[in-house]
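The values are calculated or read from the model by the stated rules, or taken from the named source; none is laboratory data. The structure presented is a predicted model; accordingly, all values stated were derived computationally and were not measured. Note that we place each Cβ from the backbone using ideal geometry, even for glycine, and neighbour counts take in every protein chain shown.
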Amino acid sequence: MTRLLSLLFLSTALALPVAAQEAAPEATTEAAAQSAEGAEAEAEEEEAADEGEGVLQASGKYDFGFSGIMASDNRALLAPLTLSAGQPVASGEYTIKSGGYYTIHINADGTQELALSGGDFFRAVWINEVVINDIEIRPMGVHSIEFDDAGSARISFIAIVPGRYTLSIPGSTGETQQAVFNIQ
């Protein structure tokens, strides 16, 4: 009995591809008809887009030029940050625009071991590079930068998420011991 059931199952399994091949021409013509209808619908959508009805185009809204967001026209150099014992970190608040490419220098005079910490700020920007002593670093993320001795660093970034962010000296509470960035 099991041999009979096995034979019946095997013959059915072998017959299915033959049945599928015989039904394929009908399915092919149906698929061709559906794709022709789809092509006509796409052509109508393209015509509507050419007419400008209900279509928002990002290319008209953001024109950064041939190089896109990294174009030299989109770059700005910010006033430097200073790390020195008893001195303000920044001369004022920075107001920057989302999508802008910025470079900022951080200078430490070595009077004290100081760091700048600002995880929220570093998550709100895309860091292109950090340059220390002519060594370029392209990090995936940064939480803080610490200076043990005198030196300088340059950070290049693109502002992404609008908001108010701070880079501050860890453990300090004074307003002069932080740099405030307002990303619009």
### Query
So ALA90 clears everything in (1) surrounded by fewer than 16 Cβ atoms within 10 Å (Cβ to Cβ); (2) touching a helix residue (DSSP H, G or I) at 6+ places or on another chain (Cβ under 9 Å) except one condition, right? Which one?
(1)
### Summary
From the option list VAL142, VAL131, single residue qualifying as part of a loop (DSSP other than H, G, I, E, B) and assigned by TED's automatic domain parsing to the domain that holds SER84 is VAL142
#### Entry: Output for the range 164-181, where each listed residue is farther than 18 Å from GLY92 by Cβ and in contact (Cβ under 8 Å) with a residue 24 or more places away in the chain
PRO170
### Query
For the range 94-109, does any single residue satisfy the condition of being touching an Asp or Glu at 6+ places or on another chain (Cβ under 7 Å), within 23 Å of ASN182 (Cα to Cα), surrounded by 15 or more Cβ atoms within 10 Å (Cβ to Cβ) and in the same structural domain as ARG164 (by TED's automatic domain parsing)?
no
### Answer residue from the range 166-184, given it is within 21 Å of the chain's Cα centre (by Cα) and farther than 27 Å from ASN133 by Cα and is modelled with the lowest pLDDT among those
GLN184
